[in-house]
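Participant: Encoded as structure tokens, here's the structure I'll be asking about.
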Amino acid sequence: MTYLLIGGTGKTGRRVDDRLTARGLPVRVGSRSGRPPFDWTADPDTWVPLFEGVTAAYVTYYPDLAFPGAARSLRAFAERATAAGVRRLVLLSGRGEEEAAVSELGVRQVAAEWTVVRATWFAQDFDEHFLLPPVLAGEIALPTDVPEPFVDLEDVADVVVAALTEPGHHGQVYELTGPRLVTFAEAAAEISAASGRPVRFTRVTPEECTARMVAGGVPAEEAEALTDLFARVLDGRNAHVTDDVKRVTGHPARDFRDYVRAAAATGVWDPR
């Protein structure tokens, strides 16, 4: 049994890879730099060699399932993977995103066994993704400050590994959250206290939010889409927690404060 990880070098993929490898399980990473390479924009027929000997796959779509073209690509992937003998597909999705729910259908309608893992915003966005440059600049500027139950990527990886390797997850849609709601202003304050770096939150227009992300190195198309997601998804619809992390893994979801302390200890936000 070989496990295929599409996006296996990404934030969740590499954590899943570490867990499977630690168990001595064979892993194949699907990425643009992999052998054979994988690219969502490529001809779907070029993906077929990746499926040889694979019985379960973890699928992440870049940049987001809500983006144009994602639903078509996901269905093509599910069809070719299933035809090649991949029985179980575990898909990472976004919580509260209508377009992502449409994209999920390509997996749910085709795969012999499927699990959808809908995650809220990642805690690690503050040290591994688009919110790191704002933290280092001392100002998190977004168009909203609705509370969000940030989920830790370690918990996401634990749930994904369980869905990949254990029975009983077919047909399940898990919504993963942290154990409490945190506003971005509160997140900034906690990061500031733990890191010793002054960090504040400022509410800005969507246009300014996009411009700041682009200035911080986020590709323009991705920055525009992220701003759109902020405007639509961070409207209070996700301002509640679930116990799905504990239900799947047996351990409680990691608190945002514990994430902040661990990240600060790495020096990623070190003001020096």
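Participant: Among LEU153, LEU131, which is the only one that is surrounded by 18 or more Cβ atoms within 10 Å (Cβ to Cβ), more than 22 Å from THR202 (Cα to Cα) and of a type outside the set (D, E, K, R)?
Facilitator: Details: LEU131 fails: more than 22 Å from THR202 (Cα to Cα).
Selected residue: LEU153, the only one of LEU153, LEU131 that is surrounded by 18 or more Cβ atoms within 10 Å (Cβ to Cβ), more than 22 Å from THR202 (Cα to Cα) and of a type outside the set (D, E, K, R).
Participant: Do you know which residues across the range 214-271 are among the β-branched types (Val, Ile, Thr) and either at pLDDT 95 or above or out of contact with any Phe, Trp or Tyr (no Cβ under 8 Å at 6 or more places or on another chain) (or both)? Even if it seems obvious, please write down each step before you answer.
Facilitator: Taking the range 214-271 first, the residues among the β-branched types (Val, Ile, Thr) are 214, 218, 227, 233, 241-242, 245, 248-249, 260, 266, 268.
Matches in the range 214-271: VAL214, THR227, VAL233, VAL241, THR242, VAL245, VAL248, THR249, VAL260, THR266, VAL268.
Participant: In this structure, does THR210 turn out to be more than 19 Å from PRO252 (Cβ to Cβ), in contact with an Asp or Glu (Cβ under 9 Å, 6 or more places away or on another chain) and either buried (at least 23 other Cβ atoms within 10 Å of the Cβ) or modelled with pLDDT under 95 (or both)? Before you say what the answer is, go through the steps one by one.
Facilitator: On the way: more than 19 Å from PRO252 (Cβ to Cβ): yes; in contact with an Asp or Glu (Cβ under 9 Å, 6 or more places away or on another chain): yes; either buried (at least 23 other Cβ atoms within 10 Å of the Cβ) or modelled with pLDDT under 95 (or both): yes.
Yes, satisfied.
Participant: Could you figure out which of (1) surrounded by 15 or more Cβ atoms within 10 Å (Cβ to Cβ); (2) within 17 Å of GLY171 (Cα to Cα) isn't true of PHE51?
Facilitator: All conditions pass for PHE51, except number (2).
Participant: Which condition from (1) in a loop (DSSP other than H, G, I, E, B); (2) under 27 Å from VAL16 (Cβ atoms); (3) in contact (Cβ under 8 Å) with a residue 40 or more places away in the chain is the one that GLY168 breaks?
Facilitator: (3)
Participant: Only one residue in ASP39, ASP18 is closer than 11 Å to TYR62 by Cβ and surrounded by fewer than 16 Cβ atoms within 10 Å (Cβ to Cβ). Which one?
Facilitator: Numbers: ASP18 fails: closer than 11 Å to TYR62 by Cβ.
Unique residue meeting the criteria: ASP39.
Participant: Any residue at all in the range 147-170 that is touching a strand residue (DSSP E or B) at 6+ places or on another chain (Cβ under 8 Å) and at positive phi? Don't jump to the end; show me each part of the working.
Facilitator: Kept after step one, since they are touching a strand residue (DSSP E or B) at 6+ places or on another chain (Cβ under 8 Å), are these residues of the range 147-170: 147-153, 155-156, 159-160, 163-165, 169-170.
Checking which are at positive phi leaves us with none.
Checked against the condition, which is being touching a strand residue (DSSP E or B) at 6+ places or on another chain (Cβ under 8 Å) and at positive phi, the range 147-170 yields no hits at all.
Participant: Give the number of residues within the range 11-38 that are out of contact with any strand residue (DSSP E or B) (no Cβ under 9 Å at 6 or more places or on another chain) and either at pLDDT 95 or above or part of a strand (DSSP E or B) (or both).
Facilitator: Count: 6.
Participant: Here's a follow-up. Only helices (runs of 4 or more DSSP H) wholly contained in the range 175-241 count here; list those with 3 or more residues that are over 22 Å from VAL151 (Cα atoms). So that I can check it myself, show each step before the final result.
Facilitator: On the way: elements: 184-195, 206-215, 220-233.
Passing ranges, in order: 206-215, 220-233.
Participant: Looking only at residues that are in contact with a strand residue (DSSP E or B) (Cβ under 8 Å, 6 or more places away or on another chain) and assigned to a helix (DSSP H, G or I) in the range 48-69, which one is nearest to ALA84 (Cα to Cα)?
Facilitator: Of everything passing the filter in the range 48-69, PHE51 is nearest to ALA84 (Cα to Cα).
Participant: Let me ask something else. Is it fair to say ARG87 is among the basic types (Lys, Arg), touching a strand residue (DSSP E or B) at 6+ places or on another chain (Cβ under 8 Å) and surrounded by 18 or more Cβ atoms within 10 Å (Cβ to Cβ)?
Facilitator: Working: among the basic types (Lys, Arg): yes; touching a strand residue (DSSP E or B) at 6+ places or on another chain (Cβ under 8 Å): yes; surrounded by 18 or more Cβ atoms within 10 Å (Cβ to Cβ): no.
The answer is no for ARG87.
Participant: Still on this structure, I have one more. Within the set of pairs 6+ apart or on separate chains, which have a first residue in the range 191-218 that is without any contact (Cβ under 8 Å) to a residue 24 or more places away in the chain, a second that is surrounded by fewer than 16 Cβ atoms within 10 Å (Cβ to Cβ) and hydrophobic (A, V, I, L, M, F, W, C), and C-beta atoms under 8 Å apart?
Facilitator: Within 8 Å, the pairs are THR210/ALA220; VAL214/ALA220.
Participant: Quick test for you: out of VAL245, VAL268, pick the one residue that is in contact with a Leu (Cβ under 9 Å, 6 or more places away or on another chain), closer than 18 Å to PHE150 by Cβ and surrounded by fewer than 16 Cβ atoms within 10 Å (Cβ to Cβ). Talk me through it step by step, then tell me what you get.
Facilitator: Details: VAL245 fails: surrounded by fewer than 16 Cβ atoms within 10 Å (Cβ to Cβ).
Going through VAL245, VAL268 in turn, the sole match is VAL268.
Participant: Also, I was wondering about something else. ARG237 versus (1) more than 26 Å from ALA100 (Cα to Cα); (2) surrounded by fewer than 15 Cβ atoms within 10 Å (Cβ to Cβ); (3) among the charged types (D, E, K, R): which is the lone unmet condition?
Facilitator: Condition (1) is where ARG237 drops out.
The values are calculated or read from the model by the stated rules, or taken from the named source; none is laboratory data. Remember, predicted model here, so these are calculated numbers, not experimental data. A quick note on method: Cβ atoms are made from the backbone with ideal geometry, for glycine too, and the neighbour counts reach across all protein chains shown.
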